[in-house]
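Student: Once you've had a glance at the structure underneath, I'll fire off some questions.
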Amino acid sequence: MFPVTESPVLHDIRAAYDAVAPLYAELFSNVLETLPMERAMLAAFAELVQAHNAGPVADIGCGPGHVTAHMHALGPTTFGIDLSAEMIALARRAHPDLRFDEGSMTALDLADEVLGGILAFYSIIHTPPRQLPAVFTEFQRVLAPGGHLLLGFFAGDNPLPQEFDHKVTLAYRWSSDSLAELLRQAGFVEVGRLQREPHQDERQFPQAQLLVRKPLAPPGAADTRPEHDTGP
Ligand SMILES: C[S@@+](CC[C@H](N)C(=O)[O-])C[C@H]1O[C@@H](n2cnc3c(N)ncnc32)[C@H](O)[C@@H]1O
């Protein structure tokens, strides 16, 4: 048996991202400037995290750290975690004032309920679908009650996850409904979602974001109130 962090799948993902890290950073470090809808969801996430004030945000699968820095600038104290040592080295170089740690979303080196938010922007896309429920359970463990999770991913209509030949390494796209159901089974409550069509220079797939939160109440006493339930 491999320890979780040394599984062949994680080894392959790490090796693939180590190999492309400088090119990835060059291509994507400024990409948020051209993505107003992503920025809108990131801003909503930041506001909700700050309103709950339950702890820092971990950007898990942070790559070269541009989304980490964007989130930190919006207000919540944010640090990055990535499987790839090369990505972490680039992130530290680009953002020396921020914290970046090597680690895997499958076994986070974090105590229970210490985070106010988790960002996982296009980082669960490489996780084999059968392993994703365990990752979401790990996210539940480290999130404080009321903490938020924002996922970015390639979308599709098929209810089953679809493998595709991502340029770096094997990846999967999900329908928002299927991923939302998996998150619900892991104990999360949906807050909102966004799906947009791809731009000309992107892959042909729609791009989606799902925003969910860990309930304040313990399991069994379901807290399913919508956010800011102050309306009439
Ligand atoms: C497509 S890149 C996304 C990077 C960045 N979040 C962005 O939006 O540009 C996927 C990143 O997830 C990281 N990753 C993949 N599986 C991971 C895991 N199990 N734990 C931590 N990071 C992981 C990869 O090393 C890579 O840096």
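Student: Look at F121 and say whether it is under 15 Å from V212 (Cα atoms), within 11 Å of the ligand (Cβ to nearest atom) and at pLDDT 95 or above.
Tutor: Numbers: under 15 Å from V212 (Cα atoms): yes; within 11 Å of the ligand (Cβ to nearest atom): yes; at pLDDT 95 or above: yes.
Yes; evaluated as a whole, the condition is true for this residue.
Student: What number goes with the only condition from (1) surrounded by fewer than 20 Cβ atoms within 10 Å (Cβ to Cβ); (2) within 11 Å of the ligand (Cβ to nearest atom) that L151 does not pass?
Tutor: All conditions are met except number (1).
Student: Then there is this: Say we look at the stretch 188-214 and pick out the residues that are surrounded by fewer than 17 Cβ atoms within 10 Å (Cβ to Cβ) and in contact with a Ser or Thr (Cβ under 8 Å, 6 or more places away or on another chain); which of these is nearest to A144 (Cα to Cα)?
Tutor: Among those that are surrounded by fewer than 17 Cβ atoms within 10 Å (Cβ to Cβ) and in contact with a Ser or Thr (Cβ under 8 Å, 6 or more places away or on another chain), it is Q195.
Student: Give the residues of the stretch 72-99 that are under 18 Å from F139 (Cα atoms) and not in a loop (DSSP other than H, G, I, E, B), sorted by residue number.
Tutor: Scanning the stretch 72-99 gives T78, F79, G80, I81, D82.
Student: Kindly establish whether A144 is part of a helix (DSSP H, G or I), hydrophobic (A, V, I, L, M, F, W, C) and either at pLDDT 95 or above or in contact with a strand residue (DSSP E or B) (Cβ under 8 Å, 6 or more places away or on another chain) (or both).
Tutor: Numbers: part of a helix (DSSP H, G or I): no; hydrophobic (A, V, I, L, M, F, W, C): yes; either at pLDDT 95 or above or in contact with a strand residue (DSSP E or B) (Cβ under 8 Å, 6 or more places away or on another chain) (or both): yes.
Answer is no for this residue.
Student: Another question, if that's okay. Here are V114, V31, V67: which of them is at pLDDT below 95 and either crowded, with 20+ Cβ neighbours inside 10 Å or hydrophobic (A, V, I, L, M, F, W, C) (or both)?
Tutor: Working: V114 fails: at pLDDT below 95; V67 fails: at pLDDT below 95.
Sole residue among the options that is at pLDDT below 95 and either crowded, with 20+ Cβ neighbours inside 10 Å or hydrophobic (A, V, I, L, M, F, W, C) (or both): V31.
Student: So D177 ticks every box in (1) acidic (D, E); (2) surrounded by 15 or more Cβ atoms within 10 Å (Cβ to Cβ); (3) at pLDDT 75 or above but one. Which box is left unticked?
Tutor: (2)
The values are calculated or read from the model by the stated rules, or taken from the named source; none is laboratory data. Everything numeric in this text was worked out from a predicted model, so none of it was measured. Every residue, glycine among them, receives a Cβ derived from its backbone with ideal geometry; neighbour counts consider all protein chains shown.
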